[in-house]
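Working notes, beginning with the structure itself.
Each value in this text was obtained by applying a stated rule to the coordinates, not by laboratory testing. What you see is a predicted model; the values in this text were computed from it and never measured. Cβ: placed from backbone, ideal geometry, glycine included. Neighbour counts: every protein chain shown.
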Amino acid sequence: MWVERSSEELSPADCSRESPVNGTPAMEQMAKPLLKANPLSARHLTPVAIKVLHPGLVHQVQMDLFLMKMGSHIIGLLPGFKWLSLTEIVEEFEKLMIQQIDLRYEARNLERFRQNFLDVDFVKFPVPLWPLVTTDVLVETFEESEPISRYLHAEIATELRQRLAKMGMDMLLKMVFVDNFVHADLHPGNILVQGTAHLGTSCKEQTAIVDLCDTLVVEVQPPLRRLCLVLLDAGIVAELQSTDLQNFRAVFTAVVQGQ
């Protein structure tokens, strides 16, 4: 069910909601309302996405975490189970869940990702609109795009699939080895593709031959929109400690070099 919010909760914006998007996570709902960019002019509207935490979710998560901690503590007292470190595992899980139910944390992650990829033109993140971001409401720019799962089929041009694969690999390697700040929820539903509507399957489809006064001119027409990946739902991220990062780099380098 779509969770309504009053104008006071979403002020200073005036939003008009559409139906919730199908297939959204149970934790939150997404919509594509039109946020007035200029209150003085109703003609200028900016499409935005709104993520809203379900009512009562915080209490439910806290209760579940309490039961998990009690259960892990009791199981840890049994002979042979102490080595599982269940209490420590639940504590780490608790940190993750607390961050998940505070949408301000996701907004800060989006800003950090945008800063990290400022000079990378093939990766985009939605822009959080901070005047409207609260603990249980996240308003961000709506990125018109398509799920990457649509481009994984055999009928899609091989060249396009290879480009998307290389973009994804470069993106992930940068997150892991350069930034040490990794999007930890990269399932196909959170990876979208932009810029394929006017992208030909080969260079031939992007050329035009013009005959001007007995002179043959071949004009290469680039796509109207740059091909790029759009990443959503940055609520779960991962970072390594300095020592762990150095060790991981060393192991990865040794594997690549065949040592």
What list do you get for Asp136, Asp179, Asp119 if you sort them by fewest beta carbons within 10 Å? Asp119, Asp179, Asp136
Just to confirm my numbers, what's the Cα centroid distance between region 231-259 and region 85-130 in Å? 17 Å
Among the listed pairs Lys51/Lys124; Lys95/Lys166; Lys51/Lys95, those beyond 28 Å (Cα-Cα): Lys95/Lys166
Would you mind pulling out the separation of the Cα centroids of region 138-188 and region 51-76, in Å? 32 Å
